[in-house]
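K.L.:
Mind looking over this structure? Questions follow.
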Amino acid sequence: MTPAARIEAAIGILDRVLAGTPAEAALIGWARASRFAGSGDRAAIRDLVFEALRRRDSLAAWGGALTGRGLMLGLIRARAEDPATVFTGEGHAPAPPTAAELAGGDPARAAALPDLPDWIWPDWQAALGEAALPLAQAMRVRAPVWLRANPRRASIEATRAALAAEGIETEPHDSLPTALRVTAGERRIAGSAAYRDGLVELQDLSPQLACAALPLSKGARVLDFCAGGGGKSLALAARETVELTAHDAAPARMSDLPERARRAGARIALSPPDTLGGDYDLVVTDVPCSGSGTWRRTPDAKWRLTRTALDELRRTQAQILSQVAPLVRPGGRIAYMTCSLLDAENGSQVDGFLSRHPDFRHEMSQTWSPENASDGFFLALLRREDDGR
């Protein structure tokens, strides 16, 4: 496919997304109906769609309309290119711009927009203050790819060499050498021997830093309460030899974890909801959340989130915190985590828990963002007092 034909395909997919179809479903539907498109075409079109969704409102301002065509016109203009060179109407290219389209576009307005839903902007500002607009606009840029090297399988140097041998170039993070930023060859990771053999896992820098900040001693009893696919369980198992149990309210989410643990050389027990036990030294709760810190990766999600859904997520977060509190031994800790930058899901949630559970105290909180790490991520450590204070 030509670059112009890819733009035309992205226009049709974006129109479906704007009409309410989830982005992944729209992309899959197009791919199934377009067997002529190669893997390079599919990847390029996906990139166009996701870039447009990251910058939806500002590109619509550049392009003069909140439509698939307006977004692609806006993207061309934002790249300082001439739409007439792409919108030619020749072959499978988009039709030439109309007079109204040529006259449309407001770059000054585009530069001032946060590219967030209007209803959530006050919450974002309340949480982030002067950093609100810069961080919102940082979410318009494609997120880097990070790997977590597994020292149980190989040294950092050997892991980087194995990746490089397959065309995957990396550079380690300054303060966390096991975190490797991929600088070339990211699409080769899933098929690489280093990935298949457990030398690396895909994991963003921010949760890696959060896992590295957790207090962890040899032999500790640890529960990963909202384990999902098990990324944090694997990260903790790579750090220290602990008695680690993974749990999820939807056990099917953990279906791949035993094989991933085997590859990684880790021992992780899976627990159904009714056999959790108790007396844990550390309970990790990476709770369901808005995902506002990851909107660079899932830009469709920010436009689909509603106030009602956010309120329901906050109720779920509070319920999970209250549910795990009795599982922690005196002197043990809850690690409360979200991939959100909203205070309603972070500091306010912690404050609410402490008001309901006076036998816990706040030890520390930290927020990571594109300014100091990668994705937006929040961690709070809550310690259960020995004497019940």
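K.L.:
Using 0.36 nm per residue of separation minus the Cα-Cα distance, give me the extension gain between Glu166 and Ile28 in nm, one decimal. Walk me through the numbers on the way to the answer.
P.N.:
On the way: separation 138, 0.36 × 138 = 49.68 nm, distance 2.82 nm.
Length gained between Glu166 and Ile28: 46.9 nm.
K.L.:
Follow-up question, since we're still on this one. With a 10 Å Cβ neighbour count serving as the proxy for reagent exposure, in which order, fewest first, do Met139, Met337, Met1 appear?
P.N.:
Met1, Met337, Met139
K.L.:
Continuing with this model, one more query. Tell me the GluC sites (Glu not before Pro) within the range 221-286 that lie in a loop according to DSSP and have at most 16 other beta-carbon atoms within 10 Å. Working shown, then result.
P.N.:
Values: sites: Glu240, Glu243, Glu259; in loops: Glu240.
Filter output for the range 221-286: Glu240.
K.L.:
Test of understanding: ordering Cys226, Cys339 by Cβ neighbours within 10 Å, fewest first, what list do you get? It would help to have the intermediate numbers written out before the result.
P.N.:
Details: Cys226 20, Cys339 26.
By the 10 Å Cβ count, ascending: Cys226, Cys339.
K.L.:
Which loop trypsin sites (Lys or Arg not before Pro) in the range 69-171, with loop taken from DSSP, have no more than 11 other Cβ atoms within 10 angstrom of their Cβ?
P.N.:
Listed in order of number, the matching sites are Arg79.
K.L.:
Going by C-beta contacts inside 10 Å, put Thr338, Thr306 in order with the fewest on the left.
P.N.:
On the way: Thr338 26, Thr306 11.
By the 10 Å Cβ count, ascending, the order reads Thr306, Thr338.
K.L.:
Scale the Cα Rg of the chain by the rule-of-thumb value 2.2 N^0.38 Å and send over the ratio, two decimals.
P.N.:
Its radius of gyration relative to the 2.2 N^0.38 Å reference: 1.08.
K.L.:
What residue among Ser58, Ser206, Ser175 has the largest mean-square fluctuation in a Gaussian network model of the chain, using Cα springs under 10 Å?
P.N.:
Ser175
K.L.:
Calculate, axis by axis, the spread of Cα positions in the range 146-203 along the three principal axes, and write the results as whole Å, longest axis first.
P.N.:
That gives 27, 22, 19 Å along the principal axes, largest extent first.
K.L.:
Turning to a different aspect of this structure: Restrict the search to the range 1-99; then list the GluC sites (Glu not before Pro) that DSSP places in a loop and that have at most 16 other Cβ atoms within 10 Å of their Cβ.
P.N.:
Details: sites: Glu8, Glu24, Glu51, Glu81, Glu90; in loops: Glu81, Glu90.
Those that pass, being in a loop and sparsely packed, are Glu81, Glu90.
Bear in mind that the values in this text are calculations on the coordinates, not laboratory data. Computed from a predicted structure; not experimentally measured. Here the Cβ is made from the backbone with ideal geometry for all residues, glycine too, and neighbour counts use every protein chain on show.
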